[in-house]
C-alpha cells in the first residue's frame with residue numbers, strides 16, 4: 001500500500017514545555033509542507049512505515065515529492081547515482097566532471113535499469129531508512145521490488161516478488177563473465193556485476209532476465225574495473241544484504257578528539273561456500289584521511305574526490321575538535337572608547353516582530369553585542385540586549401502570539417511562524433532558523449541561568 005495524499009491541516013492544541021509552549025496546528029493563514037504546485041503533502045511512505053519523516057537527506061525526493069515526481073529525482077549515493085522510475089531503479093556512474101559556464105558538474109547518465117518483469121509502478125515510496133541508507137519500494141498488483149542503497153555502497157540490494165528480475169541496459173552490454181548466477185558486464189564504459197542466488201541463470205542480451213532460482217533477492221554492484229578477480233571479490237560480499245546503517249560518536253575531552261564509528265547491519269541471504277556476511281563500502285576523502293582502518297586498492301571517482309573501497313561492516317574515524325567559543329576573547333590592541341561608543345549607539349534599539357530567519361539574524365546580532373558589551377564592562381548596555389533577546393524568545397516560545405512555533409506531526413518538524421525562505425512550505429534551512437534561536441537562548445542562559 002502506498003501513501004501520497006494531499007494534507008489538510010486539522011485543529012490542534014497547545015503543548016506546554018517548561019514555561020513555554022508550541023502549537024500542533026498552523027496559525028491562521030499560514031502554510032505547511034507543499035509541492036512546487038502549492039499543494040499540501042504528506043510524506044510519501046509505505047504502509048507500516050513508522051520512522052520519523054526525513055527531509056534533509058540525499059534520498060529526500062523519495063519521501064518529499066516537491067517537484068512532483070511520483071518516484072524520485074536523481075539520488076547521489078556516491079559512487080553510484082540512481083533514479084527511481086516506474087519500471088524500477090536506474091543506476092549510473094559519472095567518473096568525470098564536465099565544465100559548464102562557471103560550474104563543474106557530474107551529470108547523471110544511467111547505464112542500466114533494474115526492475116521486475118511486467119512492473120510499472122505508479123509511485124516509488126520510502127519503506128525504511130538508516131543513518132545513511134534507504135530502502136525504496138515499488139508496487140504494482142502482485143509485483144513488487146525493494147532497493148536498499150546508501151552513501152558509499154557500491155551495491156544496490158534488491159528484493160523482488162511477482163516476476164523475474166530484469167536488468168535493461170541503455171546499449172547492448174559487453175558481457176565478459178557469464179557463469180551460472182553471476183554476470184560481469186560493461187555498459188557505456190561502466191562495469192557492473194549482477195549477483196543472483198546460487199543456481200540461478202540469466203538469459204537475454206540488452207535486457208537480461210532471471211527467475212532467481214525461485215528466490216527473491218538480487219544484488220547489483222558498480223565495479224571499479226572489469227577483471228574477474230575484482231568480480232570475485234564483489235561476489236563474496238554480494239549476498240550480505242545491508243538492512244541498516246548507524247553512526248555513533250564519542251568525544252574524548254582530554255584529547256579533544258571525536259571518535260566516530262560507522263556500522264552496517266547485514267543479513268547473509270546466500271550461504272554458499274565463500275560468501276561473507278560483510279559488505280563493502282567506499283570511503284570519502286574526509287573519512288579515509290582520518291582512519292587507521294585498511295582500505296583496498298580499488299577506488300571510485302566522485303564530486304567529493306577519490307573514494308577508497310573498504311571490506312567490512314564498520315570503520316572508525318578520529319578527528320580533532322577543540323570546541324566552539326561562545327565569543328572571541330578580548331585580545332589585541334584596539335580603541336576601547338571607540339568600540340564602546342559603537343555599542344552605546346545601538347543600545348536603544350529593539351527587536352521587532354519578524355520571520356524566523358530575519359528575526360533570528362537580528363537576535364544573533366544582539367547576542368554578539370552582549371559579549372562585546374560584557375568585555376567592555378558596559379553592563380547596562382549588555383543587560384538591554386539581553387532583555388530584548390529574552391522578550392523576543394519568550395514570544396517565539398509561547399503559542400498563540402504574533403510569533404510561535406508549530407509542530408507538524410506528519411513531517412516530524414517544528415516550524416516558526418511567520419516563516420520565510422521556504423522554511424514552512426519546503427522545510428528549507430531549518431538548521432539556520434533554529435540555530436539562531438538556540439544560540440540566542442544559550443547566550444541568555446550564560447548570564448541568567450534561572451531564565452533558562
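Answer yes if at least one residue in the range 411-418 is under 24 Å from residue 45 (Cβ atoms), in contact (Cβ under 8 Å) with a residue 12 or more places away in the chain and part of a helix (DSSP H, G or I), and no otherwise. Scanning the range 411-418 turns up at least one residue that is under 24 Å from residue 45 (Cβ atoms), in contact (Cβ under 8 Å) with a residue 12 or more places away in the chain and part of a helix (DSSP H, G or I). On the given criteria, is residue 120 surrounded by fewer than 17 Cβ atoms within 10 Å (Cβ to Cβ) and under 15 Å from residue 144 (Cβ atoms)? So residue 120 fits the description; yes. The range 145-201 holds no strands (runs of 3 or more DSSP E) entirely within its bounds that carry 3 or more residues that are on the phi > 0 side of the Ramachandran plot and in the same structural domain as residue 94 (by TED's automatic domain parsing). Within the range 307-327, restricting attention to residues that are under 30 Å from residue 446 (Cα atoms) and in contact (Cβ under 8 Å) with a residue 24 or more places away in the chain, the residue that is farthest from the chain's Cα centre (by Cα) is 327.
Cβ separations smaller than 6 Å between residues 6+ apart or across chains give the following pairs from the range 15-39 residues that are more than 21 Å from residue 402 (Cα to Cα) to residues that are exposed (fewer than 15 other Cβ atoms within 10 Å of the Cβ): 35/68; 36/67; 39/6. The residues of the range 420-432 that are in contact with a helix residue (DSSP H, G or I) (Cβ under 6 Å, 6 or more places away or on another chain) and surrounded by fewer than 21 Cβ atoms within 10 Å (Cβ to Cβ), listed by number, are 420, 421. For the range 216-231, filtered to residues that are in contact (Cβ under 8 Å) with a residue 40 or more places away in the chain and surrounded by fewer than 19 Cβ atoms within 10 Å (Cβ to Cβ), the residue that is farthest from residue 187 (Cα to Cα) is 216.
When residues in the range 38-91 are screened for being closer than 21 Å to residue 114 by Cβ and either modelled with pLDDT under 95 or not in a strand (DSSP E or B) (or both), 17 of them pass. Which one is surrounded by the most Cβ atoms within 10 Å (Cβ to Cβ), of the residues in the range 232-253 that are outside any strand (DSSP E or B) and at pLDDT 95 or above? If we take residues in the range 232-253 being outside any strand (DSSP E or B) and at pLDDT 95 or above, then 238 is surrounded by the most Cβ atoms within 10 Å (Cβ to Cβ). None of 131, 96, 103 is closer than 23 Å to residue 265 by Cβ and surrounded by fewer than 19 Cβ atoms within 10 Å (Cβ to Cβ) except 131. Could you say whether any residue in the range 282-291 is under 22 Å from residue 158 (Cα atoms) and touching a strand residue (DSSP E or B) at 6+ places or on another chain (Cβ under 9 Å)? Yes, the range 282-291 contains at least one residue that is under 22 Å from residue 158 (Cα atoms) and touching a strand residue (DSSP E or B) at 6+ places or on another chain (Cβ under 9 Å). For the range 350-395, which residues satisfy the criterion of being more than 20 Å from residue 326 (Cα to Cα) and without any contact (Cβ under 8 Å) to a residue 24 or more places away in the chain? Of everything in the range 350-395, just one residue is more than 20 Å from residue 326 (Cα to Cα) and without any contact (Cβ under 8 Å) to a residue 24 or more places away in the chain, namely 352.
Selection of the range 174-187 for residues being farther than 17 Å from residue 270 by Cα and without any contact (Cβ under 8 Å) to a residue 40 or more places away in the chain yields 174, 175, 178, 185. The residues of the range 328-352 that are modelled with pLDDT of 95 or more, closer than 30 Å to residue 422 by Cβ and surrounded by fewer than 14 Cβ atoms within 10 Å (Cβ to Cβ) amount to a single one, 350. Can you confirm whether the range 292-304 contains a residue that is in a loop (DSSP other than H, G, I, E, B), under 24 Å from residue 227 (Cβ atoms) and under 23 Å from the mean Cα position of the chain (by Cα)? Yes, because at least one residue in the range 292-304 is in a loop (DSSP other than H, G, I, E, B), under 24 Å from residue 227 (Cβ atoms) and under 23 Å from the mean Cα position of the chain (by Cα). Has the range 61-72 got at least one residue that is farther than 25 Å from residue 152 by Cβ and surrounded by fewer than 16 Cβ atoms within 10 Å (Cβ to Cβ)? Yes, that holds for at least one residue.
The values are calculated or read from the model by the stated rules, or taken from the named source; none is laboratory data. Since we're looking at a predicted model, the values are computed, not measured. Cβ sites come from the backbone with ideal geometry, for glycine too, and all protein chains shown count toward neighbours.
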